[in-house]
Every structure is written in C-alpha cells, then in structure tokens.
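Some notes on the structure that comes next.
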Amino acid sequence: MRPIAAVAAGLVVTALVALGVTLAVLRVESRTNTQQVNLRTGVSISEDSAIVQAAAKARPAVVSVVTGQQPASARGSGYLATSDGVIVTNTDVIAGATRITVLIPNDSKPHEARLVDYDCQTGVAVIKIDKVSNLPTLGFADPAALVQGQVVVAVAGPFDGGAITPGYVSAMHRAVSVTDASNLGRVAQYSDTIQTNAAIDRGTAGGPLLNVGGQVIGIAMQSSTFDARTGHGLNVADIQDDVQQILQTGQVVVASLGTTNVDLAPEVAALNGLPGGSQVVTVEKGGPAGSSLQPGDIITQLDDVKVDAAHPLSLLLRSRFHPNQRVTVTYSRSGSSTQAEATLTGQHPACP
C-alpha cells in the first residue's frame with residue numbers, strides 16, 4: 001500500500017499540471033479570441049439629458065454682474081429678459097454698488113449697466129445695458145406649475161465659467177434671511193422663497209433657477225448662513241409682476257396699506273398661539289390703515305383672500321389688488337378677529 005503522503009503529493013502534482021494547462025489554454029484563448037465588453041447599454045437617462053439641455057439653452061443668456069465696491073471682484077449673476085439688454089438679477093447682488101459692469105457670454109467687451117428699478121420686498125432688481133441687440137433671452141415659467149420635488153438647475157454667468165448646479169425643489173414658501181453681496185452687512189428677510197439642494201454661492205446668486213425646459217422658476221440667492229447642501233431662490237410668482245411692470249413703465253408701484261409688516265411663518269405662529277398672517281410692525285400716520293391698525297396686529301385676510309405662507313401680504317398687494325381699491329382688512333388683536341375698511345394707495349416698495 002502506497003504511503004498517504006506519496007498519494008497526496010501525486011494528486012498535488014496532477015492538480016498543478018492541470019491548472020497550468022488550463023491557464024495556458026486561457027492565455028492562448030485570450031490572445032486568439034479577443035472579446036469586447038460593450039459598456040453602452042443604449043439606455044438614456046432622460047432627466048440628466050434634460051438638465052444638460054436646459055443649461056446649454058440658458059447659458060448664452062446668463063450674464064455676470066460685477067460691481068464697483070470693494071473688493072473689486074464682488075460679483076453675482078443675472079439673466080437677459082429682453083434682446084436689447086434688460087437684465088433681471090436680485091437686489092443683494094447690486095446693493096451698495098458704485099458701478100455695475102456686465103459680462104456677456106462669448107463677448108470679450110465689458111458693458112456698463114444702469115439700474116432701472118428694484119423692489120426690496122420681493123428682492124428683484126432690473127438693470128440695463130445699452131447699444132446691444134439680438135441677444136438671447138430667457139422667459140418665466142408658469143408659477144402654478146412649480147411643485148415640490150421637481151428638478152431645478154442653477155446657472156452662473158461667464159465670470160464663473162457658466163457653472164451649473166442641478167438639484168430639486170425641496171420646499172416652498174420658506175422664510176430666509178439673505179446678506180447682500182456688498183459685504184456691508186445688509187440683511188433682508190423673504191417669506192416666500194424656493195428651497196433647493198442646489199448650492200448657491202456668491203457667483204451664482206442673482207442668476208436664474210430653471211426648470212428642465214429652460215424656463216425661469218426663480219432667481220438664485222445666497223443665504224446668510226451658507227450651507228453647501230441648501231440654496232434658495234426668489235419665487236417667480238413674487239417677481240414676475242415687478243419685472244413686467246418695470247419693462248412696461250420703468251418703475252415699480254404697488255398697492256399699499258401704509259404699514260410695514262413681517263410675515264409669520266406657520267411654525268412660528270403655531271408655537272406662539274397666533275393666527276397665521278402678516279404682523280404689523282409700523283403704521284403710517286394718515287395712511288390707509290392709520291385709523292384702524294396698530295403695531296402687533298396680525299392681518300389674516302384682505303377681502304376674501306387669506307393671508308398665509310403661500311399668499312404673503314406683499315405678494316397679494318402686487319398681484320391681486322391695485323392702488324385706490326377699497327378693501328376689507330381682517331386682522332387679529334389680542335386674540336380677537338376684527339375687520340376694517342381701507343382704500344389702498346400706490347407707492348414704490350420701501351426698503352428696510
């Protein structure tokens with residue numbers, strides 16, 4: 001009987017020989033029967049394609065806005081609303097500017113711009129460059145079509161390489177504080193913004209937020225407390241009336257109650273046992289509401305229109321009412337609801 005060790009050794013040798021033969025065959029086959037791995041599956045990702053196409057469509061109409069304050073490189077973005085050089089941006093980009101210069105894609109010449117008008121309450125600003133024509137433009141999306149969860153694309157101007165940042169609408173009607181790009185410490189509060197996970201930096205601020213069709217759903221803005229995971233935008237529903245009015249008349253005039261107000265976020269109102277609405281901060285003496293409203297009152301309704309996060313007072317006064325209109329103001333004072341009549345006046349929106 002053969003020793004077990006000898007049998008084992010023989011099996012090992014046989015196995016190694018077999019392995020060597022197998023490897024040799026594989027090596028020969030790998031040389032003589034070259035195979036290709038097809039990495040192209042033929043499956044297209046339509047959402048990604050739409051983002052690329054939207055950015056490509058928009059980029060020629062997105063400009064960089066460089067201001068003359070210190071530091072000299074202070075900048076933001078904007079977009080062309082008309083082919084003859086009307087540009088929409090936000091007030092935080094141009095705040096404190098002593099000079100405004102615009103850089104247009106595929107144009108090596110800087111263009112001096114002038115301020116046409118602005119609205120501190122909605123945050124929109126319109127500037128104009130002259131002696132230009134046939135420029136590409138962007139248009140507004142339907143405000144009613146904006147929904148939570150939809151894809152959004154932020155596009156910066158040429159100073160920042162036309163950078164794009166895709167994301168989605170994570171929330172709507174959000175209150176946010178914004179510090180302007182002038183580094184002067186001005187802070188504005190907006191109550192009806194779009195929240196997105198598309199990060200908005202200084203260079204992208206003022207540029208358009210787009211849907212996948214390349215239409216403007218908002219204006220990008222940089223938050224006071226920058227979070228790389230969160231960005232915000234002025235809602236198209238709030239700004240389009242201002243832009244259209246500026247294009248038609250050269251200025252913004254809105255209906256006014258003669259009050260300054262702070263819109264109450266629903267969670268703040270709930271925590272403090274208050275009704276949702278817009279809280280009065282100051283009342284203009286002799287103004288439309290001077291004999292009825294007082295600081296601390298919370299306006300909850302104008303006529304039959306409820307004032308809430310989705311319908312802030314400033315937006316309603318722009319979109320649903322007009323100067324010289326007689327309205328019924330419903331407000332809460334010390335827990336009791338009261339009504340008063342007032343005739344709205346017309347004025348340029350006041351800044352903080």
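Side notes on the structure shown:
- The residues in the range 110-139 that are under 23 Å from Gln189 (Cα atoms) and crowded, with 16+ Cβ neighbours inside 10 Å can be counted, and the count is 12.
- Note on the range 257-278: residues that are assigned to a strand (DSSP E or B) and either assigned by TED's automatic domain parsing to the domain that holds Ser191 or closer than 17 Å to His173 by Cα (or both) total 4.
- Number of the exception - Gly346 against (1) part of a loop (DSSP other than H, G, I, E, B); (2) surrounded by fewer than 17 Cβ atoms within 10 Å (Cβ to Cβ); (3) touching a strand residue (DSSP E or B) at 6+ places or on another chain (Cβ under 7 Å): (1)
- Taking the numbered list (1) part of a loop (DSSP other than H, G, I, E, B); (2) exposed (fewer than 13 other Cβ atoms within 10 Å of the Cβ); (3) free of Cβ contacts under 8 Å to residues at least 24 places away in the same chain in turn, Asp107 passes all entries but (2).
- Any chance Arg326 is basic (Lys, Arg) and surrounded by 21 or more Cβ atoms within 10 Å (Cβ to Cβ): no
- When residues in the range 279-290 are screened for being free of Cβ contacts under 8 Å to residues at least 40 places away in the same chain and either assigned to a loop (DSSP other than H, G, I, E, B) or surrounded by fewer than 19 Cβ atoms within 10 Å (Cβ to Cβ) (or both), 6 of them pass.
- Among the candidates Ala125, Ala56, residue that is small (Gly, Ala, Ser) and touching a helix residue (DSSP H, G or I) at 6+ places or on another chain (Cβ under 8 Å): Ala125
- Flag for Gly161 being at positive phi, surrounded by fewer than 23 Cβ atoms within 10 Å (Cβ to Cβ) and modelled with pLDDT under 95: yes
The values are calculated or read from the model by the stated rules, or taken from the named source; none is laboratory data. Note that this is a predicted model, so its numbers are computed, not measured. In this analysis, Cβ positions are derived from the backbone assuming ideal geometry, glycine residues included, and neighbour counts consider all displayed protein chains.
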